[in-house]
Structure formats: C-alpha cells, structure tokens
C-alpha cells in the first residue's frame, strides 16, 4: 500500500516541477493600484516568478482553510472534552462503588468477583 502513496507523491512532485518550469517568467506584484500608489507617494511592488505566486496562493488558501475548519470544529472538540471528563468521573465512581461492595468480604472472593 505504501508504494501507491509514494507513486502519488512522486506524480505530485513531477507536476509541481513542470508547473514551475512552465511559469518561471517574472511577475510584478503590486500591493495597491497605481493611482493610489502615486497619491500616497509609495509603490510597494515585488517581482517574483509566476510559479512562486501560484504556490504561495495555494499555500495561503490551504492555511486559511485549515484555520477556518479548526475554528468551526471548536464546539465539537469542547463537547468531546466534556464527555471525556464525565466518562472518567463515572469510571472512578464505578470503581469506588465496586470497592464498597466488597468491603468486609474475603480478599479471594473480592478478587474473583472483580474478575467476573
């Protein structure tokens, strides 16, 4: 099964390299429109290869999506934590009640009763 995973990641790597080679022309990124940049007197621009812009866009989209999903699932994680605490409390109570049941009995009979 691991060879399928390695094949998949190999194909992904080849596709990324091909996309990078096909889109290596420099692209100018501007932080604001030309008119606004002239009005403010600053022009924040950067020149990057197009594939870097594409990969950064995909990476930023993934990070935003993961963060959104993590925030959306907050209620589910909170419910799971509270149910886990309640389960631990109930287990402790059952163990305490079992020990109270066997008070005053012979140790051998208590052990046998616990095993069943």
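Restricting attention to region 44-65, the residues that are surrounded by 10 or more Cβ atoms within 10 Å (Cβ to Cβ) and touching a residue at least 12 places away in the same chain (Cβ under 8 Å) total 10.
Identification of helices (runs of 4 or more DSSP H) wholly contained in region 40-116 with 3 or more residues that are at pLDDT below 90 and more than 27 Å from residue 27 (Cβ to Cβ) yields 74-101, 107-115. The set of residues in region 66-76 being over 30 Å from residue 15 (Cα atoms) and either touching a strand residue (DSSP E or B) at 6+ places or on another chain (Cβ under 6 Å) or surrounded by 10 or more Cβ atoms within 10 Å (Cβ to Cβ) (or both) consists of 73 alone. Residues in region 27-43 that are surrounded by 10 or more Cβ atoms within 10 Å (Cβ to Cβ) and within 21 Å of residue 59 (Cβ to Cβ): 27, 29, 30, 31.
The values are calculated or read from the model by the stated rules, or taken from the named source; none is laboratory data. Since we're looking at a predicted model, the values are computed, not measured. No Cβ is skipped: glycine too gets one built from the backbone with ideal geometry, and neighbour counts run over all protein chains shown.
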